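K.L.:
Below: one structure in structure tokens.
Each reported figure results from applying straightforward, stated rules to the coordinates on display, with no laboratory input. Source: prediction; values computed, not measured. For neighbour counting, all protein chains shown are included, and Cβ atoms are generated from backbone atoms with ideal geometry for every residue, glycine included.
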Amino acid sequence: MIVARLNERLEVEGKTDIAVDTVGAGKGEIVIVTTGSAGRRAGTLQNSVVDASIVGIVDTVETDGQVEV
Amino acid sequence: MIVARLNERLEVEGKTDIAVDTVGAGKGEIVIVTTGSAGRRAGTLQNSVVDASIVGIVDTVETDGQVEV
Amino acid sequence: MIVARLNERLEVEGKTDIAVDTVGAGKGEIVIVTTGSAGRRAGTLQNSVVDASIVGIVDTVETDGQVEV
Amino acid sequence: MIVARLNERLEVEGKTDIAVDTVGAGKGEIVIVTTGSAGRRAGTLQNSVVDASIVGIVDTVETDGQVEV
Amino acid sequence: MIVARLNERLEVEGKTDIAVDTVGAGKGEIVIVTTGSAGRRAGTLQNSVVDASIVGIVDTVETDGQVEV
């Protein structure tokens, strides 16, 4: 799945990456991506070649007391 | 918890990230974030999918003999 | 093999890298590259000094419902 | 300890970081910093949450046959 | 040894780094550098604090069928 990095205002920054979806995220959802060796600790990826996994779906982001999602 | 990278003058640089708080940091505090496999060595995160943890709260920063915080 | 990073519109971004090809990718094909310790989990590279491997060839990329390749 | 990245002409580049000093480096000295899991191989940091350590102090830098320090 | 990152046209990009030479590379040679935990798999570096090693010397680079070195 293609993921794009967001900044703290939830705007898309330039960089995109490929991550394995372990939680069933839909298109356009805000997700948490874990990288490096941690990416293989999600689900059943222990011995895979994965270096990035989607491990959570974000419901709400609060910045300076203001809920943005 | 959303963390922003600071430079040596404690100004916010562009990049923000998500880190697990293992020390009970408050909003707006300056913290030390450890990344990669080290992020799973904090607290009880050993087998988690975490790739970044807040492991300390900064009391004082001294640059060129000048205390900034 | 020299690989170049693509963005979500499949345009070449600036950075190139060297990766071991474990799947027999041809010149000009779009591939998936895994980095870090995951790079050594591909094929027979377990004890090698590899830090990046080509682990897949991309057939189709779909962005916002639009097939690009 | 706060460390700043230098380029090959020993000029400070933008990025600064925090590293554990394992060799007793003084303020203003040029040091070698190791990052990632290697940072925990210095001194007694094996089970710590450290992701960057100062592991050496640089005496001399020679670029194109010219000694700069 | 100080190494500089090259792009696909073998031009020097901005970033330089320090790497342990395990193959006896000479000054000005084009080398392959492996980083992260892979850097400790070269030669006898297994338990060292190394995070980047020179693991090969490049004889020929071919881009789009054109030999550049």
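K.L.:
Please work out the FRET efficiency for the pair B:Asp59 and E:Ile30, using the Cβ-Cβ distance as r and a Förster radius of 56 Å; give the result to the nearest 0.05.
P.N.:
0.75
K.L.:
Can I ask one more? Mind pulling up the Rg/Rh value for segment E:2-67? Radius of gyration and Kirkwood radius, both on Cα.
P.N.:
1.00
K.L.:
To continue, here is another question. Could you compute the net charge surrounding D:Ser53? Neighbours are other residues with a C-beta less than 12 Å from the C-beta of D:Ser53; K and R count +1, D and E count -1.
P.N.:
Value of the local net charge: -2.
K.L.:
Any idea what the relative contact order of segment B:2-67 is, in percent, if you count C-alpha pairs under 8 Å spaced at least 6 apart?
P.N.:
30 percent
K.L.:
Can I ask one more? Could you list D:Ser37, E:Ser53 in order of exposure, starting from the residue whose Cβ has the fewest other Cβ atoms within 10 Å?
P.N.:
With the sparsest Cβ surroundings first, the list reads D:Ser37, E:Ser53.
K.L.:
When DSSP assigns beta bridges and you keep just the ones with both residues in segment C:2-67, what percent turn out antiparallel, to the nearest 5?
P.N.:
The antiparallel proportion sits near 85 percent.
K.L.:
Hey, another quick one. Would you kindly work out, in nm and rounded to one decimal, the distances from the label point of B:Gly28 to those of the same position in each other copy, ordered shortest first, with label points 7 Å along Cα-to-Cβ?
P.N.:
3.6, 3.6, 5.9, 5.9
K.L.:
If you place +1 on the Cβ of every Lys and Arg and -1 on the Cβ of every Asp and Glu, how big does the dipole about the Cα centre of the protein assembly as shown come out, in debye to the nearest 20?
P.N.:
Once rounded to the nearest 20, the dipole reads 1260 debye.
K.L.:
Separate question: Along the positive direction of the dipole of chain D (beta-carbon charges: Lys, Arg +1; Asp, Glu -1; about the Cα centre), which of D:Leu6, D:Val67, D:Gly24 reaches farthest?
P.N.:
The Cα lying farthest towards the positive end belongs to D:Gly24.
K.L.:
Given springs between every Cα pair under 10 Å in a Gaussian network model of chain C, which of C:Val50, C:Val31, C:Val12 has the largest fluctuation?
P.N.:
In this elastic network of chain C, the residue with the biggest mean-square fluctuation among C:Val50, C:Val31, C:Val12 is C:Val12.
K.L.:
Rank E:Val49, E:Val33, E:Val20 by mean-square fluctuation in a GNM of chain E with C-alpha springs under 10 angstrom and give only the top-ranked residue.
P.N.:
E:Val49
K.L.:
Near the amide H of B:Ile57, under 5 Å away, which other amide H atoms are found, from residues 5 or more places off or on another chain, if H is placed in the peptide plane?
P.N.:
Distant-sequence amide H within range of B:Ile57: B:Ile32.
K.L.:
Roughly how big is chain E's charge dipole about its Cα centre, with Cβ charges of +1 (Lys, Arg) and -1 (Asp, Glu), in debye to the nearest 20?
P.N.:
380 debye
K.L.:
So, one more: When each copy gets a label point 7 Å from Cα toward the beta-carbon at D:Arg9, what are the spacings between them in nm, shortest first?
P.N.:
2.2, 2.2, 3.5, 3.5
K.L.:
For D:Glu68 and D:Val12, compute 0.36 nm times the residue count separating them, minus their Cα-Cα distance, and round to one decimal in nm.
P.N.:
Extra length available between D:Glu68 and D:Val12 comes to 18.7 nm.
K.L.:
May I ask you to list the lysines whose Cα is less than 23 Å away from that of E:Lys15, ignoring any residue fewer than eight positions away on the same chain?
P.N.:
A:Lys15, B:Lys15, C:Lys15, D:Lys15, E:Lys27
K.L.:
Gap in Å between the Cα centre of segment B:1-48 and the Cα centre of segment C:14-66?
P.N.:
Going from one Cα centre to the other spans 30 Å.
K.L.:
Right, another one. Over the Cα atoms of the protein assembly as shown, what Rg and Dmax result, in angstrom?
P.N.:
21.0, 58
K.L.:
Counting other beta carbons within 10 Å of each residue's own, what order do A:Glu13, E:Glu8 fall into, fewest first?
P.N.:
Neighbour counts put them in this order, fewest first: A:Glu13, E:Glu8.
K.L.:
Could you tally the net charge around B:Arg40, taking each other residue with its Cβ under 10 Å from the Cβ of B:Arg40, Lys/Arg +1 and Asp/Glu -1?
P.N.:
+1
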